[in-house]
Structures are given as C-alpha cells and as structure tokens.
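One structure is given here, and the rest of the page talks about it.
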Amino acid sequence: MSGGDMSKPLLGHGSMDGDPSITPTAGRTIGVLGSGDFARSLAIRLVCSGFKVVVGSRNPKRKAGLFPSAAEVTFQADAVKKADVIFVAVFREHYSTLCDLADVLAGKILVDVSNNTEINHHKESNAEYLASLFPACTVVKGFNVVSAWTLQSGARDGNKQVLICSNNQEAKRTVAEIAQVMGFTPVDMGCMSSASEIENIPLRLLPAWKIPIFLALGLFLCFFTYNLIRQVIHPYIREQKNKLYKIPIEVVNTTLPCVAYVMLSLVYLPGVLAACSQLYYGTKYRRFPDWLDQWLQHRKQIGLLSFFCAALHAVYSLCLPMRRSHRYQLIEMAVKQAMEKKMNIWVEEEVWRMEIYISVGIIALGLLSLLAITSLPSIANSLNWREFSFIQSTLGFVALVISTLHTLTYGWSRAFDENQYKFYLPPTYTLTLLVPCTVILAKVIFSLPCIQQRLLRIRRGWEKGRYVKFVLPSATGEYSSGETSSNV
C-alpha cells in the first residue's frame, strides 16, 4: 500500500508504513478475548486478511453463531494457548476477570483496544492498568481509534490510521505488521505513556471546530438581535405594527449573509496581522502569540462555516417569494396601485441595483463553493502547493472583494437615508463592512512595491538587525574581515 494513499496523520508522529523491517504475517494465529461488537468486527477483518482467528469467550456455544465460520470460538483459556498475539476486546472493569489466565498469558503480546467513557476518566490509562495486572505480558495500545464499522467495511471506507504505542519495540513492530496486512496504516506514538493521549482521541468531539462554531454562533446571535431590534421591535414601538412573522425567515435571512461575510473576512485577517508582525519585528522567526497561532490554524473551519452560512442565505432568499406574507404584500401593492391609477411603477435604478446585486452574489457563492471543495483532503492532495495557494489565497481574496461589492450593491445609497437609521442604529450591512474593508485596505497597502519587497525579503529569511560578515581588501593588499548589520 503506497504512502500517498492516505491523508496526513492525526498527530505529529512517524508513520510505520513502508518500514522495511515489517514483514507480512498473514497466516499466523491471532487470539481475540471478548464477544462484543468490536470483537466480532475485529475477527471478521482478521479472517478476511488471511489470519487464523481463535476467539476466547466465557460462553463459546452461545456466541459461536455471531462470528464467521472460519474463526474458532472456544473458552478463553484454550484460545490463549493457541495464539501469541491476543487482542483484549473487553471493558476495563472486566480486566480482573482475566487474572485467572495470568500464567497462560505470560510472555504473550496483549493488544488493548479499549476506550473510556470520559476524557482522563482514570489516573492511569487502560493499557497501563492492563500492564500492571499482567506484568509478565507485553502490552501494546492500538486499534482503539478504529470503529467497528471501519473494521467490517474495510480501511477504504473509514480512517486508515492505527495509532500504536508500547514500551517494547518488537511488540509494536509485530502489531504494526498485523495492521498493515489488514489494510491500515500503523502510526508509532512512542512509549506506553502516550496511551492516555490515544485513548482520549475518540472522545473528543470535533476538537478543531469548537472555536469556529462558537465564533459563528456568537456572530449569529449578535446580528440576529441587532436585526430583530430594527425589523421587529422598532415597528412595534413606533408604529404599533406586529412584525413577528418576519423572525423565522426574513430576520434569519438578513443575519446569515452578515455572518458569512464577516467569517470570510476573518479567514484573511490573521494573515494580515501576521504580516504586520513580521514587518514590525523584521523577522519571520519570531513566534506569533498563541491566540494568533490558533487563529491561523482554524482558518479552514472558519471558511467552511462561512460557505455554509452563504449557502443557507441563498436557499432562504429563493424561498422568500413562497411566503404567504409576501403574497399578501404583492396583492396589497397591486390594489394600492390600481386605486391610485398608476400604470407604471418601474424604477430603473432599483432594477439595475437588484440585477447587479443578485449577479455578484451568485459569483461570490460560486467562488466560495470552489474554496470549500478544494479544502477537502481528497481534492487538496491532487493539487500542488502553488495551485492550492492560488485558489485559497488569491481566489479567496477575490471572493472577499466580490462579496464586498455584493454588500455595497445591496446598500446602494440607502446608507445616506436617515429613515434607515432606526433607533439611530445604522443599517446592518454597514457594520459588516468594517472588518472586510480593513482586510482589503491592508492587502492593497501590502501590495505596494516598497512594502511587498520588504515582506518578501523577510519571508525568504532576511532579518532586521542581524549582523553578517564581510571581507575588505586592506591597504597592503591583504583581506580583513568585519561585520555590518544586514539592514544597512
């Protein structure tokens, strides 16, 4: 299996894929202790990979029908005697029931596949606890990040990485062989002290998405409240009109583009701040603050959430004419026009504004779709670095500019209409322009030759205040060395 067949590792540890010391082990006998869902899926995958599987159960006759016919289901003591590598597929609280097998298990490799119900639920990891119960055995932590579904359907339909750790290198190598034959990619996570970290991985729910999701929800609540005051509360207080019907569709549809637009600008704002930091300190080797570093790492998730809100805005906008309230308003407008005997209500300026507004919005959504698609690992891996950078950086900035045009066209000249300032609050779209326009202005400034060249030199390794050696010929014809600052 080629190394390019998979995405990047979950953690920064070396992959054991392609290790010449790992040799195929198909045909050897593997033991499985347990008869739960994971044990059954594990047995199926091992049998399909060419291994001989012996399953140890306390009730072999009752459990035999749950396993493939090629797997031998017997009592735990008999199963342990027939295999040197044994997968312990039982819960931590049941480890003590295996203590009667301590003598038979001596010298064998135990693969702990268990997980906890809470992060850091115990002081020691499950694997370390198992090792303390069976000191004569070699314990390897592995396969706990692989689901039972992935085991049954094969590595192609799930996560291909198997994280492995142990204090015994030979035992890790043996388990890595088994993982490779099963079609997975073993990743060496080091010694047994890493077991707690591995056991916590399946319990983390979208760890890279928490901050972007909370950010999007915070922006949504702020803009939703702002729009609610302007569109619902203001008419009720000033004109005693009930506009509550606007909340499910109209207020939400006004809020979504605001969130999408600001979130898109927040994708490129940290890059501007990073460039400012590099220009100020005159080096690229100074570490960014932790908050900026985290911000830079979450740009992909922020961008995808921006696309999600923009897509919802498009769907909501298409549904606006379907509302019953909209139909009533059209009929009311037609009746009013007939009573006033107006034959033509065509407003050229409004027609052009809406045509440009919708056209630019479609282009912006198309570019956001392209950015979202190319951020997928399967697509990104097919692009070289220059192509990926062009799409995500250059086209992404173009998408931000076009989104700004979309917002400006929506506002048109209404920003100067005093009737738009309800409760003296400016229209919502004027608030959304603050961050994007700051990013666009900064990008324009950075594109000036004097600043662009300095920033390019810094990113190529030049440092302000760094001293370099030089050699000058002396009056006698000999050469002497000296030092000068690199920014002279």
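General observations
- Single condition Lys160 does not satisfy, out of (1) under 23 Å from the mean Cα position of the chain (by Cα); (2) closer than 21 Å to Gly36 by Cβ: (2)
- Qualifying residue in the range 110-122 (condition: touching a Ser or Thr at 6+ places or on another chain (Cβ under 8 Å) and surrounded by fewer than 22 Cβ atoms within 10 Å (Cβ to Cβ)): yes
- Residues of the range 317-337 that are open to solvent by less than 70 Å² (accessible area, probe 1.4 Å) and either in contact (Cβ under 8 Å) with a residue 60 or more places away in the chain or of a type in the set (A, V, I, L, M, F, W, C) (or both): Ser317, Cys319, Leu320, Arg323, Ser325, Ala334.
So that you can scan it fast, the table gives a plain yes or no per residue for (1) out of contact with any helix residue (DSSP H, G or I) (no Cβ under 8 Å at 6 or more places or on another chain); (2) under 30 Å from Val111 (Cα atoms):
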residue	(1), (2)
Ala195	no, yes
Leu203	yes, yes
Leu206	no, yes
Phe214	yes, no
Pro235	yes, no
Met263	no, no
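- Of all the criteria given as (1) assigned by the TED database to the domain that holds Thr430; (2) closer than 30 Å to Lys141 by Cβ, the one not satisfied by Leu217 is (2).
- Listed conditions (1) buried (at least 19 other Cβ atoms within 10 Å of the Cβ); (2) modelled with pLDDT under 95 are all met by Pro257, apart from (2).
- Number of the condition not met by Met192 [criteria: (1) in contact (Cβ under 8 Å) with a residue 12 or more places away in the chain; (2) farther than 12 Å from Gly142 by Cβ]: (2)
- When each of Ser166, Ser193, Ser265 is tested for being of a type in the set (Ser, Thr, Tyr), at pLDDT 95 or above and outside the structural domain of Ile302 (by the TED database), the lone residue that passes is Ser166.
- Checked against (1) loosely packed, with under 14 Cβ neighbours inside 10 Å; (2) hydroxyl-bearing (Ser, Thr, Tyr); (3) in contact with a Gly (Cβ under 9 Å, 6 or more places away or on another chain), Tyr410 meets all criteria but (1).
- When Val47, Val90, Val80 are screened for being more than 16 Å from Cys137 (Cβ to Cβ) and in contact (Cβ under 8 Å) with a residue 12 or more places away in the chain, only Val47 passes.
- Residue list for the range 72-106, restricted to those being part of a loop (DSSP other than H, G, I, E, B) and closer than 12 Å to Ser35 by Cα: Ala89, Val90, Phe91
- Residues in the range 160-195 that are farther than 24 Å from Pro135 by Cβ and among the small types (Gly, Ala, Ser) were compared, and the one that is surrounded by the most Cβ atoms within 10 Å (Cβ to Cβ) is Ala179.
- With respect to the conditions (1) hydrophobic (A, V, I, L, M, F, W, C); (2) open to solvent by 30 Å² or more (accessible area, probe 1.4 Å); (3) at negative phi, Val262 lacks only one, and its number is (2).
- Subset of the range 196-214 that is at pLDDT 95 or above and open to solvent by 60 Å² or more (accessible area, probe 1.4 Å) - its residue that is nearest to Leu163 (Cα to Cα): Ile213
- Some residue of the range 93-108 being under 22 Å from Val53 (Cβ atoms), open to solvent by less than 20 Å² (accessible area, probe 1.4 Å) and either touching a Ser or Thr at 6+ places or on another chain (Cβ under 9 Å) or acidic (Asp, Glu) (or both): yes
- Residues that are among the aliphatic types (A, V, I, L, M) and either farther than 20 Å from Val251 by Cβ or out of contact with any Leu (no Cβ under 7 Å at 6 or more places or on another chain) (or both) within the range 204-228 comprise Leu205, Leu206, Ala208, Ile211, Ile213, Leu215, Leu217, Leu219, Leu221, Leu228, listed in sequence order.
- Any hit, the range 404-415, residues being assigned to a helix (DSSP H, G or I), modelled with pLDDT of 95 or more and in contact with a Pro (Cβ under 6 Å, 6 or more places away or on another chain): yes
- Any hit, the range 298-307, residues being open to solvent by 80 Å² or more (accessible area, probe 1.4 Å), in contact (Cβ under 8 Å) with a residue 24 or more places away in the chain and touching a helix residue (DSSP H, G or I) at 6+ places or on another chain (Cβ under 6 Å): yes
The values are calculated or read from the model by the stated rules, or taken from the named source; none is laboratory data. Keep in mind that what you see is a predicted model, and the values were worked out from it rather than measured. Cβ coordinates were reconstructed from backbone atoms using ideal geometry, including for glycine residues, and neighbour counts include every protein chain displayed. Heads up: the accessible areas ignore ligands, DNA and RNA and are worked out on the full protein's heavy atoms, side chains in. Shrake-Rupley method; radii C 1.70, N 1.55, O 1.52, S 1.80 Å.
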